[in-house]
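K.L.:
Submitted below is the structure of interest, expressed as structure tokens.
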Amino acid sequence: MRTVIGLEVHAQLLTKTKLFCSCSAEYFGAPPNTHTCPVCLGMPGALPVLNEKAVEYALKAALALHCEIPHRSTFARKNYFYPDLPKGYQISQYDEPLAVRGYLELPTGKRVRIRRVHLEEDAGKLLHTEDGVTLVDLNRAGVPLIEIVTEPDLGSPQEARLYMEELRRVLRYLGVCSGDMEEGSLRCDANISVSLDGELGTKVEIKNMNSFRAIEDALSFEERRQRELLHRGGLLAQETRLWNEKTGQTEPMRSKEESEDYRYFPDPDLVPLEIDDAWREKVKRSLPELPAQKRARWAQEYKLPDYDIAVLTEERPIAEYFEAVVRLYPNPKDVSNWMMSEILRLLKEGQTTEITLKPEHCARVLEMVSVGQINRTVAKDVLEESFKTGKAPDEIVHEKGLLQISDESALAEIMTKVLAENPKAVADFKSGKEAALSFLQGQVMKITGGKADPKKTRELLLQKLREP
Ligand SMILES: [Zn+2]
């Protein structure tokens, strides 16, 4: 039994303008057909001009995927007829793509080979209204995409999902794609074949998967469907199927079009794209540290558990924030704990991705805890206030008088009062109920507004309770 999966991913590049004209590429939410011009509307005589930024972004992605960059690539017309395609063809790359033979390393260490990365323009969008009318919006027509095609190296639906997650991380680290699958900025088609004898089976294509979960679910469904059919002695058709999120099934769409159907031919309006060594090296040098490198370095340098590394390297700004705090307060595990619990919580609550807390303020709070100036409970409040107001932690602590009470005589005085007021708890403790200690400790915290040094409080309480 063998499952073989290959993925074709379309990623929308975050350029300001479209691939072959100067129309804005930010089509999402814009009034229909306002980001258009004779070029992207396919008017006769209008000529395309290649967007250099799009080439640079595509190069970044290709180099991050360890691809070879041929010195020359060409644009081709992919001909088909559909109302969202004003020219009657899509400008893409065919036999001479921008990049070839790369790989993406998954967090498991497995390398998935990349067959090719090429540039192409997106089509428009059709809107089907409730009263059965179909409207055409061409704002998206001509927006730059890269298509990233893997070799059939993925062995399971779970691995396909890991690949997509890692690819998205890489593209977001590079800042070349938003990675938003719901808005369609990152789209994925899959090829899957299942065989019982280990040979390559019949290839079935699946479309319409709009989330990581959908990719895994659709491929799992398809793997099961194909296995059952083969076990019954049935034959698989080479076809394209659509994932239906509601029914949780794939459904046949149309018989697979052969690539010949598109009648590809070189676009006579565009000269070959030449990328010399200097350009390639310049882009290569501009690449940031990528997620896989970062994970490996963090494991070595910070000795953090895999889980912490995975959480904190997921987004580049979070990862960079972590490193900024560690530079000031070199206790990686402590910083990791505070970030994963408090800072990520504050981001989630504020529904923001921007950490408004300055790294030096975060480091200062952690330092105050480590030297016993404030306790952890107070520290959480200080962090939150500094996060929301931008105030320095020292200022907050002094204004509110939050310094920890660890002076023994001051604590002893409070305790005498607490013990006198709670004779039942004292008796309970003396008769062996350990829980009474936590209650008494809670009373001390209450009186001090949470500022008592918890460790000392506990020690002193025990001492007093054991006095004859
Ligand atoms: Zn245009």
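K.L.:
Which residues, taken from the stretch 178-192, are modelled with pLDDT of 95 or more and either farther than 19 Å from Glu121 by Cα or of a type in the set (Val, Ile, Thr) (or both)?
P.N.:
Ala190, Asn191, Ile192
K.L.:
Something else now. With the structure loaded, tell me whether Arg241 is closer than 22 Å to Met181 by Cβ, in contact with a helix residue (DSSP H, G or I) (Cβ under 9 Å, 6 or more places away or on another chain), surrounded by fewer than 18 Cβ atoms within 10 Å (Cβ to Cβ) and modelled with pLDDT of 90 or more or whether it fails that test.
P.N.:
Numbers: closer than 22 Å to Met181 by Cβ: yes; in contact with a helix residue (DSSP H, G or I) (Cβ under 9 Å, 6 or more places away or on another chain): yes; surrounded by fewer than 18 Cβ atoms within 10 Å (Cβ to Cβ): no; modelled with pLDDT of 90 or more: yes.
No.
K.L.:
If the requirement is being in contact with a helix residue (DSSP H, G or I) (Cβ under 7 Å, 6 or more places away or on another chain), more than 22 Å from Thr313 (Cβ to Cβ) and not in a strand (DSSP E or B), which of these qualifies: Leu235, Leu219, Leu229? Working first, answer last.
P.N.:
On the way: Leu235 fails: in contact with a helix residue (DSSP H, G or I) (Cβ under 7 Å, 6 or more places away or on another chain); Leu229 fails: in contact with a helix residue (DSSP H, G or I) (Cβ under 7 Å, 6 or more places away or on another chain).
Of the residues listed, the single one that is in contact with a helix residue (DSSP H, G or I) (Cβ under 7 Å, 6 or more places away or on another chain), more than 22 Å from Thr313 (Cβ to Cβ) and not in a strand (DSSP E or B) is Leu219.
K.L.:
If you don't mind, there's one more thing I want to ask. Of the conditions (1) closer than 19 Å to Gly175 by Cβ; (2) at pLDDT below 95; (3) more than 14 Å from the ligand (Cβ to nearest atom), Pro44 fails just one. Which one is it?
P.N.:
Looking at each condition in turn, Pro44 falls short on (1).
K.L.:
Ile318 fails exactly one of the following numbered conditions: (1) at negative phi; (2) assigned by TED's automatic domain parsing to the domain that holds Gln226. What is the number of that condition?
P.N.:
(2)
K.L.:
Next question, about the same structure. Need pairs with beta-carbon distance below 8 Å; first residue aromatic (Phe, Trp, Tyr) and within the stretch 17-34, second near the ligand (Cβ under 9 Å from one of its atoms); sequence gap 6+ or separate chains.
P.N.:
The qualifying pairs are Phe20/Val39; Phe20/Cys40; Phe20/Gly142; Tyr27/His35.
K.L.:
Take residues that are surrounded by 13 or more Cβ atoms within 10 Å (Cβ to Cβ) and tell me which of the strands (runs of 3 or more DSSP E) falling wholly in the stretch 26-129 contain 2 or more. Walk me through it before giving the result.
P.N.:
Details: elements: 76-79, 89-92, 99-105, 111-121, 125-128.
Hits in the stretch 26-129: 76-79, 89-92, 99-105, 111-121.
K.L.:
Sort through Arg297, Arg327, Arg280 and tell me the only one that's at pLDDT 95 or above, touching an Asp or Glu at 6+ places or on another chain (Cβ under 8 Å) and more than 29 Å from Glu223 (Cβ to Cβ).
P.N.:
After ruling out the rest, the residue left standing is Arg297.
K.L.:
Select, from Ser336, Ser341, the only residue that is outside the structural domain of Gly449 (by TED's automatic domain parsing) and touching a residue at least 12 places away in the same chain (Cβ under 8 Å). Can you show your working first?
P.N.:
Details: Ser341 fails: touching a residue at least 12 places away in the same chain (Cβ under 8 Å).
Just one listed residue meets the conditions, Ser336.
K.L.:
Sticking with this structure for a sec: Among the residues of the stretch 417-445, how many are exposed (fewer than 11 other Cβ atoms within 10 Å of the Cβ) and touching a residue at least 40 places away in the same chain (Cβ under 8 Å)?
P.N.:
Summing the residues that are exposed (fewer than 11 other Cβ atoms within 10 Å of the Cβ) and touching a residue at least 40 places away in the same chain (Cβ under 8 Å) in the stretch 417-445 gives 0.
K.L.:
Within the stretch 433-468, can you find the residues that are modelled with pLDDT under 85, of a type outside the set (Ser, Thr, Tyr) and outside any helix (DSSP H, G or I)?
P.N.:
Result: Glu434, Gly449, Gly450, Lys451, Ala452, Asp453, Glu467, Pro468.
K.L.:
May I ask you to verify whether Lys246 is surrounded by fewer than 16 Cβ atoms within 10 Å (Cβ to Cβ), under 23 Å from Asp180 (Cβ atoms) and either within 25 Å of the chain's Cα centre (by Cα) or assigned by TED's automatic domain parsing to the domain that holds Leu47 (or both)? First the steps, then the outcome.
P.N.:
Numbers: surrounded by fewer than 16 Cβ atoms within 10 Å (Cβ to Cβ): yes; under 23 Å from Asp180 (Cβ atoms): yes; either within 25 Å of the chain's Cα centre (by Cα) or assigned by TED's automatic domain parsing to the domain that holds Leu47 (or both): yes.
Against the criterion (surrounded by fewer than 16 Cβ atoms within 10 Å (Cβ to Cβ), under 23 Å from Asp180 (Cβ atoms) and either within 25 Å of the chain's Cα centre (by Cα) or assigned by TED's automatic domain parsing to the domain that holds Leu47 (or both)), Lys246 qualifies.
K.L.:
Picking from Arg168, Arg161, Arg140, which residue would you name as being within 16 Å of the ligand (Cβ to nearest atom) and either assigned to a strand (DSSP E or B) or among the basic types (Lys, Arg) (or both)?
P.N.:
Values: Arg168 fails: within 16 Å of the ligand (Cβ to nearest atom); Arg161 fails: within 16 Å of the ligand (Cβ to nearest atom).
One residue alone meets the criteria, Arg140.
K.L.:
Take the residues in the stretch 6-23 that are near the ligand (Cβ under 9 Å from one of its atoms) and hydroxyl-bearing (Ser, Thr, Tyr), then tell me which one is surrounded by the most Cβ atoms within 10 Å (Cβ to Cβ). Break it down into steps so the answer makes sense when it comes.
P.N.:
So the first thing to find is which residues in the stretch 6-23 are near the ligand (Cβ under 9 Å from one of its atoms), and the list is 17-18, 20-23.
Next, from what is left, pick out any that are hydroxyl-bearing (Ser, Thr, Tyr): 17, 22.
Values: Thr17: 18, Ser22: 13.
Top of the filtered list is Thr17.
The values are calculated or read from the model by the stated rules, or taken from the named source; none is laboratory data. Everything numeric in this text was worked out from a predicted model, so none of it was measured. Note that each Cβ is placed from the backbone with ideal geometry, even for glycine, and that neighbours are counted across all protein chains shown.
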